[in-house]
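Below is one structure, written out as structure tokens, with a few remarks after it.
Read-outs: derived from the displayed coordinates by stated rules, not from any lab. It should be emphasised that the depicted structure is a prediction, and the values quoted were computed from it without experimental measurement.
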Amino acid sequence: MKCVLLLDEERYGKVFLPETLEKLSQKVELIYRPHRTMDADNTRKIIAGADIAITSWGSVKMEKEILDAAPNLKLVAHAAGSVKPIVSPEFIARQIKITSAAVALGVGVAEFIIGAIIMLGKRLKEQVISVDSGGWVAKQGNEAIEMFQARVGIVGAGCVGRHLMKLLGNFDIASIWVYDPYLREQEATKLGSEKKTLKEIFSTCDYICLCAPVNKETTGMIGADLIRTIKENAVFINYARGLFSRRKLDSNLRQSVLIYQFPSRSISCIPKQTLRRFGKLAHLPEARLR
Ligand SMILES: NC(=O)c1ccc[n+]([C@@H]2O[C@H](COP(=O)([O-])OP(=O)(O)OC[C@H]3O[C@@H](n4cnc5c(N)ncnc54)[C@H](O)[C@@H]3O)[C@@H](O)[C@H]2O)c1
């Protein structure tokens, strides 16, 4: 069985451990041709005759012209999260299966959110700045909170949300509230959570974690009306990247609410002078200025 790795040189070294590639090569005939970029032309040449293709970040959408070069292709294994950048309607007609590493990657994301919940709740950044500048007093109106007996709200019970619930089970919190229209009541209970409305989550929870996908249905779902109701000193973690506009966030969030915005490329890679115009977003702990 011929399996091609459609990874550019940089990703090849980062995505797979040598021992993983070794294991894979015991199962399939593994083919890798180094290229700086894995554009459509290179992809078409490399994929010729393949039964399986492994893609990752930086791989191109697999449209008709590419798939025509691999008439035996049965499976695309996407070594990254969302398959949206890779998959095309042609997959259905050709009955090509696709799988991704979203579940495995979701574990690390959920772990990160736990870290963010603890660090942001404790206002660690503010405390460090205060101590570094010779002080010992937290800024007024920005009180530290703890997970003990806290209410945690999760929007989106997918790979990330579910693992987050599992990890939260290890803490002495009051409850986990979840909003996910596709999650059954019974399943929510099994996960140790209670189904609630967005309104209930935003106005009541001490920590709010957005783990929903960005799509037509969710865009605009988190409006100013919800953001305005977030409690004083609450922590708001947005892992769903661009689910709402910066304008809405800036003008409606209470000063004491701490936010963590997952760094999308558009935030973390823009030049410093442009970032200055981005208001509150520019001051987020993870925004890298250059
Ligand atoms: N898994 C990863 O590796 C990863 C990495 C970085 C960022 N993210 C981001 O984190 C978010 C969650 O990722 P995931 O892997 O858990 O996705 P997922 O597709 O596994 O889960 C998404 C969940 O959201 C639910 N959902 C759909 N519409 C909804 C709505 N209107 N309101 C509330 N919930 C809704 C779905 O039912 C599903 O349970 C996404 O925005 C994703 O881009 C994920």
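Phi-derived couplings, Karplus 6.51 cos²θ - 1.76 cosθ + 1.60 at θ = phi - 60°, listed residue by residue for segment 205-216: 6, 7, 10, 10, 10, 8, 10, 9, x, 9, 8, 4 Hz, with x used for Gly and Pro. Ignoring lysines fewer than eight residues from Lys122 along the same chain, the ones with Cα atoms less than 19 angstrom from its Cα are Lys139, Lys231. Taking the Kirkwood radius as Rh and the Cα radius of gyration as Rg, segment 2-100 has a ratio of Rg/Rh equal to 0.92. Here Lys61 is the anchor, and the lysines within straight C-alpha reach of less than 28 Å, apart from those fewer than 8 places off in the same chain, are Lys2, Lys14, Lys23, Lys27, Lys45, Lys74, Lys84, Lys97, Lys216.
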